[in-house]
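Asker: Handing you a structure now.
The values are calculated or read from the model by the stated rules, or taken from the named source; none is laboratory data. Note that the structure is a prediction, hence the values are computed from the model and not measured. Cβ placement follows ideal geometry from the backbone for every residue including glycine, while neighbour counts extend to all protein chains displayed.
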Amino acid sequence: MTSAQDRLPRLLALVPYLIARPGVRVDEAAADFGVPARQLRKDLELLWMCGLPGYGPGDLIDLSFEGDTISVAFDAGMNRPLRLTGTEATALLVALNTLLEAPGVADADAVRRAAAKIEAAAGQAQPAGVAVGLGVREGETTARSRRVVQGALRAGHALRMTYYTASRDRITERTVDPMRMLIVEGRSYLEAWCRRAEAVRLFRLDRIDDVTELDEPAAPPPYAEQTDTSAGLFRERPDHEVAQLVLAPDARWVSEYYPVEKVTELDDGYLRVRMRYADESWMVRLLLGLGGDVTVEEPTALAHGLRDRARRALSRAGQLAVTP
Amino acid sequence: MSVARAERLVNLVLCLLSTRQYLPAERIRAIVAGYADAPTDEAFHRMFERDKNELRDLGIPLEFGSNRTIDAEDGYRIARRDYELGDIDLEPDEAAAVALAVRLWDSPELTGAAAGALLKLRAAGVDVDQGVPAVVEPKVRTTEPAFGPLLAAVQAGRAVRFDYRRPSPAELRTRTLEPWGVVSWRGRWYVVGHDRDRNAPRCFRLSRIAGDVRAFGRPGVVSRPPDVDLLEFVSASTGELPDTTTVRLWVAEHRAAGLRRRATVVGEQTIDDVPGDVIELELHHPDSAASWIAGYGEDALVLEPEVLRKTVHERLLAAAGGAR
């Protein structure tokens, strides 16, 4: 949506907003509407020119400015905001419902009360057409980790944990300064400053094997920034390797599950993709598991490494058959 | 949007809100500031059509009807009770839930809609502080290009056509669907509806839709049967967990951490002069488990069950021959 298209909804909401908050400061109002104070002043100037037919002094919207604050002297009959559209009601109410389902999120009672009130105020604009199920599956260990992590977040304490890094297939001990918990695509993550990596990291809760709340404050450095999840969790880096793969129909899920680029449809449902990876051992594990459903076209070293590893595995499995 | 147009639209809303009579277009042209600029009848009608569409797009309930007087012309008005958002007052904990709900979406369509709803709630006098950090933050993303057109079709009650790629057996076919809703289940988006070709309810993965979604037919033709629960339908169609199986593996010493962390060591064994452990593991997805285990190559060998050993063996055979 362009800023011009946002303007009319804002103009229609502004007078009721000011009526509800007599004497509000211009910068405060601008922040609530998510626009610069300069833009808000322009909006107010425009509204001042609007009113009821006749457009005489008593017909125009009248705003009074005192210093940096604004009040409404005459609203020309626009004293309530416009009702929610179906999409707005849907976006808000489906989101509230989703919060109820997310383990450990917010206060379920408050969420239910908020949803009931919004539903009542929305009237005929009822949510339709969108449903969300996070379907978070949580084993016993993960549920326990979540309780410990949440306790530490509330208390502002650091954590000591045993964590499985899937990309390297390693288990490590780390001390982290927790920042927040996220649920992205049905999985729970802890976002924290990792003192070992000296960087912000996202830790999947189901890969925490053990966790203890420490008796010391969580102190992420001031420059530790929250991860922007809007483009997904995979961060492209210049040092990533790129593989060119041909996926058989049974392996097409790889292109849906991992970020791939330059996707070309081939005959019979085969797919050629380019896929970035940070760690070769991880890539070899993925590809080996796909067996004959994937062909590595590039790089050659990866293709050879894969083949050799498969041959060694077969040879060792052959030893197993003769081992008493 | 030009200043003149924004001003005219606000004036139009104020005028139509203040009247109980239906105002004919010509009357509106005469009294609402801004329409006098139209040089010809045709220019006015074009301008007025655009303005009406703009108001309807915002969800403003523009009524068209006739006054109960003899030879009255049909005209327009806005019924105040349909225009205004109902009374709403949120407690601080409820407002905090709303702030969190608004942040749920990472979606061009729904992020904007949630922000629009928030704007109106604020205009109704509700204080929502968005700066308050939450302990757990769920995120729901819509990146599939099909999402927007499908949601629009659901909301308009129109049928759609799209090309859909089924992975196995591989097939690309045009589907005709009466869409009931778009559903996010475990981080993946689906569209649910009545499949006209199959004459049965079906769900489709958005990521497998190829090319454009074409809506066709009159709006309002399609509606969701009241007894259909969208989320239930999708979760049932995508299948639940199969039974768990216990398997026995050999893993090389200090290797395959990803397998070990979920397993119990039940013995030791040296194979091919390599020391290792015999472990037992509970598997929840026997199908994907074969890939997972094969990925470890010579570091993990299946001892039992036989069917898993064979599947892993076949994958490794294919990988060993694949890059010759």
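Asker: Of everything in the range A:111-121, what is crowded, with 21+ Cβ neighbours inside 10 Å and either of a type in the set (V, I, T) or facing another protein chain (nearest Cβ under 7 Å) (or both)? Give them in sequence order.
Answerer: Matches in the range A:111-121: A:V111, A:A114, A:I118, A:A121.
Asker: Same structure, new question: For the range A:238-324, which fully contained strands (runs of 3 or more DSSP E) count at least 2 residues that are in contact (Cβ under 8 Å) with a residue 40 or more places away in the chain and under 30 Å from B:P145 (Cβ atoms)?
Answerer: Per the criteria, A:241-247, A:294-298.
Asker: When you scan the range A:224-257, how many residues do you find that are within 19 Å of A:A303 (Cα to Cα) and more than 10 Å from chain B (Cβ to nearest Cβ)?
Answerer: Adding up the residues that qualify gives 8.
Asker: Restricting to the range A:18-27, name every residue that is surrounded by 15 or more Cβ atoms within 10 Å (Cβ to Cβ) and farther than 17 Å from B:S18 by Cβ.
Answerer: Kept after step one, since they are surrounded by 15 or more Cβ atoms within 10 Å (Cβ to Cβ), are these residues of the range A:18-27: A:18-21, A:24, A:26.
Correct list: A:L18, A:A20, A:R21, A:V24, A:V26.
Asker: Pick from the range A:287-305 the residues that are surrounded by fewer than 22 Cβ atoms within 10 Å (Cβ to Cβ) and within 8 Å of chain B (Cβ to nearest Cβ): which of them is nearest to A:Y258 (Cα to Cα)?
Answerer: Among those that are surrounded by fewer than 22 Cβ atoms within 10 Å (Cβ to Cβ) and within 8 Å of chain B (Cβ to nearest Cβ), it is A:T295.
Asker: Give the residues of the range B:1-34 that are away from chain A (no Cβ under 11 Å) and among the hydroxyl-bearing types (S, T, Y), sorted by residue number.
Answerer: Going through the range B:1-34, the residues away from chain A (no Cβ under 11 Å) turn out to be B:20-22, B:24-26, B:29.
Listed by number, the list holds a single entry, B:Y22.
Asker: Go through (1) surrounded by fewer than 16 Cβ atoms within 10 Å (Cβ to Cβ); (2) of a type in the set (D, E); (3) more than 9 Å from chain B (Cβ to nearest Cβ) for A:D62 and report which single condition fails.
Answerer: Against the list (1) surrounded by fewer than 16 Cβ atoms within 10 Å (Cβ to Cβ); (2) of a type in the set (D, E); (3) more than 9 Å from chain B (Cβ to nearest Cβ), A:D62 comes up short only on (1).
Asker: If you scan the range B:233-260, which residues turn out to be among the charged types (D, E, K, R) and at pLDDT 90 or above?
Answerer: Selection gives B:R248, B:E253, B:R255, B:R260.
Asker: Residues B:A215, B:A170, B:A146, B:A153: which one is at pLDDT below 90 and either of a type in the set (A, V, I, L, M, F, W, C) or touching a Lys or Arg at 6+ places or on another chain (Cβ under 7 Å) (or both)?
Answerer: On the way: B:A215 fails: at pLDDT below 90; B:A146 fails: at pLDDT below 90; B:A153 fails: at pLDDT below 90.
Sole residue among the options that is at pLDDT below 90 and either of a type in the set (A, V, I, L, M, F, W, C) or touching a Lys or Arg at 6+ places or on another chain (Cβ under 7 Å) (or both): B:A170.
Asker: Suppose the filter is surrounded by 15 or more Cβ atoms within 10 Å (Cβ to Cβ) and either at the interface with chain A (Cβ under 7 Å from one of its Cβ atoms) or under 30 Å from A:G186 (Cβ atoms) (or both); does B:V98 pass it?
Answerer: The answer is yes for B:V98.
Asker: Can you tell me which of (1) more than 7 Å from chain A (Cβ to nearest Cβ); (2) buried (at least 17 other Cβ atoms within 10 Å of the Cβ) is the one B:R81 doesn't meet?
Answerer: Looking at each condition in turn, B:R81 falls short on (2).
Asker: Which of the following residues is closer than 30 Å to A:L92 by Cα, more than 12 Å from chain B (Cβ to nearest Cβ) and at pLDDT 90 or above: A:R146, A:R201?
Answerer: It is A:R201.
Asker: Can I ask one more? Of A:L11, A:L93, which residue is surrounded by 15 or more Cβ atoms within 10 Å (Cβ to Cβ), more than 7 Å from every other protein chain (Cβ to nearest Cβ), part of a helix (DSSP H, G or I) and among the aliphatic types (A, V, I, L, M)? Even if it seems obvious, please write down each step before you answer.
Answerer: Values: A:L11 fails: more than 7 Å from every other protein chain (Cβ to nearest Cβ).
Just a single option satisfies the conditions, and that option is A:L93.
Asker: Consider only pairs whose beta carbons are under 7 Å apart and that are at least six residues apart or on different chains; among these, list those whose first residue lies in the range A:26-44 and is within 11 Å of B:R122 (Cβ to Cβ) and whose second residue is part of a helix (DSSP H, G or I).
Answerer: A:A29/A:Y17; A:A29/A:L40; A:D32/B:R122; A:F33/A:R10; A:F33/A:L40; A:F33/B:L119
Asker: Taking the range A:58-100 on its own, how many of its residues are among the hydrophobic types (A, V, I, L, M, F, W, C), at pLDDT 90 or above and over 21 Å from A:R113 (Cα atoms)?
Answerer: Count: 10.
Asker: On to the next question. Please tell me if B:D273 is at pLDDT 85 or above, acidic (D, E) and either over 21 Å from B:E304 (Cβ atoms) or touching a Ser or Thr at 6+ places or on another chain (Cβ under 6 Å) (or both).
Answerer: When the stated conditions are applied, B:D273 passes them.
Asker: Moving on to the next point. Can you pull out every residue in the range B:8-27 that is within 18 Å of B:T69 (Cβ to Cβ) and outside any loop (DSSP other than H, G, I, E, B)?
Answerer: Within the range B:8-27, B:L23, B:A25, B:E26, B:R27 meet the criteria.
Asker: On the given criteria, is A:L182 within 16 Å of B:W105 (Cβ to Cβ), touching a helix residue (DSSP H, G or I) at 6+ places or on another chain (Cβ under 8 Å) and either of a type in the set (S, T, N, Q) or facing chain B (nearest Cβ under 9 Å) (or both)?
Answerer: It is false that A:L182 is within 16 Å of B:W105 (Cβ to Cβ), touching a helix residue (DSSP H, G or I) at 6+ places or on another chain (Cβ under 8 Å) and either of a type in the set (S, T, N, Q) or facing chain B (nearest Cβ under 9 Å) (or both).
Asker: I've got another one for you. In the range A:273-283, is there at least one residue being facing chain B (nearest Cβ under 8 Å) and either over 32 Å from the mean Cα position of the chain (by Cα) or surrounded by 20 or more Cβ atoms within 10 Å (Cβ to Cβ) (or both)? Outline the logic, then answer.
Answerer: Step one: list which residues in the range A:273-283 are facing chain B (nearest Cβ under 8 Å), which gives none.
Looking through the range A:273-283, none of the residues is facing chain B (nearest Cβ under 8 Å) and either over 32 Å from the mean Cα position of the chain (by Cα) or surrounded by 20 or more Cβ atoms within 10 Å (Cβ to Cβ) (or both).
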